Amino acid sequence: MTASHLMVPDTVSARAHRFKRFGTAFGPRFFVLLIAGVMWLGPAYYEPRFAYAMVGWDVLVVCAWLLDAWRLPVPEALIMRRSWETPPALSVPSRVTLTLVNESATTVRAMIVDTASSRMCRQPPELRIDAGPRSEAQAEYAVLPSARGEMVFGDAYIRYQSPLRIAERWARAGIGQTVVAYPNLDEAKRESVRVVRGRQAEIERRSRRRRGAGRSFESLREYQSGDEVRDICWTASARRGKLVTRVYEIERSQSIWIVIDAGRLMRARVSNLTKLDHAVNAALTLSQVALGSGDRVGLLTYGRQLGHRLPAARGSAHLRRIMDQLAVVRAEESEADHLLAAGRLLTDQKRRSLIVWITDVPDTAMTPEVIAAASQLMGRHLVLFVAMGQPDLQAVAMRRASTPGEMYETAAAREVAHRRDVLLARLRAQGALALEADTTLSPALVNAYLDVKQQNRL
């Protein structure tokens with residue numbers, strides 16, 4: 001069973017029970033028949049005896065309603081079931097199936113209202129299901145998650161009638177459940193495959209070793225012209241009476257830490273998603289590529305306090321844990337404590353690793369705290385500092401002003417953009433890798449990671 005199947009929400013089912021005190025009401029045809037009895041008023045105007053016929057008709061309609069209500073199955077004879085086809089993911093359409101099981105000997109025509117989360121459906125879906133005697137029927141509705149995280153689905157409300165549609169009953173099925181909307185899994189998979197193929201990283205993914213690169217010892221061989229002097233093994237050369245060179249392979253069990261800022265700056269929206277959503281999707285893409293390359297991946301999210309943390313590990317089960325943690329990351333309203341996150345990383349990760357820090361840089365004339373926090377890590381780790389871009393700011397900075405007001409806006413935008421460039425250049429001068437990206441964050445992040453692997457920066 002694949003990880004995608006494991007993330008599909010569980011199917012829930014429950015027997016219906018009576019809703020409200022009486023749970024029985026008048027069907028649409030009851031009122032139609034009553035209105036039909038009004039036709040006796042015309043003849044009754046000329047002959048009062050026809051009024052008795054109208055009363056008799058009304059009594060007959062009420063008797064028909066009582067008979068139809070008696071023939072309707074009790075709510076406990078109905079079972080409601082909710083099932084999912086695919087795991088819900090951010091901005092990815094999915095389908096939900098409602099199944100009505102009728103254990104009675106009477107056909108029921110049901111109108112069902114499912115209490116879906118408002119972050120998946122703008123309005124509660126209403127479905128009509130006709131279920132025959134001792135059979136089941138189903139209907140579907142579409143959901144489109146507008147956010148990640150846990151979402152609550154409530155009970156299903158059922159109004160059902162017999163084929164006569166004179167009487168109806170109200171019932172409620174307790175199929176409430178909490179489902180998790182994950183990051184955009186399709187986008188992460190698509191981006192990782194596209195970038196990896198473009199960079200021919202299948203060499204890494206298939207565990208094919210490149211001799212002579214990296215610093216992980218593989219074997220010894222005779223010295224060849226062009227070998228570096230530092231790679232000569234002098235002890236083996238002395239024993240064999242000829243020069244012997246060490247052969248290395250690319251290290252595969254390196255640690256990659258993904259650090260995600262969940263502070264207030266990540267609440268800004270870019271292309272209908274928040275910056276945090278783009279960061280989460282990019283983190284999931286990078287995790288898939290790095291785990292496929294044999295590296296260990298760790299995760300740390302933080303706001304004012306430390307959030308989710310996963311130690312660096314490998315394997316498909318670890319990827320599932322990363323997905324679960326990324327799904328529930330929430331942006332906070334307060335400023336993030338970047339120094340706290342840097343201190344935790346220095347405490348937990350003693351060995352040199354790649355720190356991928358996804359954050360945003362505030363527009364301030366002073367040196368932001370996040371820059372100082374990233375600088376603390378550079379003495380031990382290789383830092384890939386990723387600043388979330390601002391497309392609207394770049395658009396204003398690049399436009400040609402035609403009015404004094406536009407000239408002022410353009411100048412201010414260019415000053416802010418220049419300040420961000422200076423900060424990133426300062427990080428590069430200190431030995432970090434720094435880039436700025438917005439909606440193209442996923443491919444930019446994976447390409448930067450592959451560059452680090454190819455150049456053996458770790």
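The values are calculated or read from the model by the stated rules, or taken from the named source; none is laboratory data. Because the structure is a prediction, the values reported are computed rather than measured. Neighbour counts run over all protein chains shown; Cβ positions are idealised from the backbone, glycine included. Keep in mind that these areas ignore ligands, DNA and RNA; they rest on the heavy atoms of the full protein, side chains included. Shrake-Rupley method; radii C 1.70, N 1.55, O 1.52, S 1.80 Å.
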Candidate residues L67, L423, L243: accessible-area rank, largest first, probe 1.4 Å
L67, L243, L423
Go through 162-172, 53-63, 323-333 and give me the packing order, highest mean Cβ count within 10 Å leading.
162-172, 323-333, 53-63
Please report, to one decimal in angstroms, the Kirkwood hydrodynamic radius of the range 364-405 built from all distinct Cα-Cα pairs.
13.5
Can you list, bin by bin at 20 Å, the percent of alpha carbon pairs in the chain, starting at 0?
20, 35, 24, 14, 5, 1, 0
Where the Cα atoms of the range 291-347 are projected onto their three principal axes, how long is each span, largest first, in whole Å?
35, 25, 13
Net length gained if the chain between T439 and L41 were fully extended (0.36 nm per residue, minus Cα distance)
136.1 nm
What number in nm² do you get for the range 17-93 if you take the convex hull of its Cα atoms and divide its surface by four?
9.5
Based on the alpha-carbon set only, what is the convex hull volume of the range 15-159 divided per residue, in Å³?
133
Protection-proxy order for peptides 437-444, 279-286, each taking the mean of Cβ atoms within 10 Å per residue, highest first
279-286, 437-444
For the range 48-147, what relative contact order do you get, as a whole percent, if you take Cα pairs closer than 8 Å and at least 6 residues apart?
27
When the chain is fully extended, how far beyond the present Cα-Cα distance does A236 get from L66, taking 0.36 nm per residue of separation?
51.1 nm
Counting pairwise Cα distances across the range 249-385, what percent come out greater than 19 angstrom?
48
Counting Lys and Arg as +1 and Asp and Glu as -1, each charge on the Cβ, what is the dipole of the range 327-430 about the Cα centre in debye, to the nearest 20?
700
Given the convex hull over the Cα atoms of the range 394-453, what projected area results after averaging over all orientations, in nm²?
4.9
Among beta bridges that DSSP assigns inside the chain, antiparallel share in %, nearest 5
70
In nm, give the distance between the simple-model label positions of E222 and T364, each being 7 Å from the Cα along the Cα-to-Cβ direction.
6.4
Report the FRET efficiency, 1/(1 + (r/R0)^6), for L346 and V422, where r is their Cβ-Cβ distance and R0 is 22 Å, rounded to 0.05.
0.25
Calculated FRET value between K20 and T403, using beta carbons and R₀ = 56 Å, to 0.05
0.30
Pop a pseudo-label 7 angstrom from the Cα along the beta-carbon direction at both R309 and L34 and give the gap in nm to one decimal.
6.7
Give the accessible area for K275 in Å² (nearest 10); use a 1.4 Å probe, count only protein heavy atoms, and leave out ligands, DNA and RNA.
10
About the Cα centre, charge dipole magnitude for the chain (Lys/Arg +1, Asp/Glu -1 at Cβ), debye:
1580
Compute the angle between helix 49-71 and the longest alpha-carbon principal axis of the chain, please, reported from 0 to 90 degrees and rounded to the nearest 10.
40
Grab the beta carbon distance between S13 and T86, set R0 = 22 Å, and tell me the FRET efficiency rounded to 0.05.
0.70
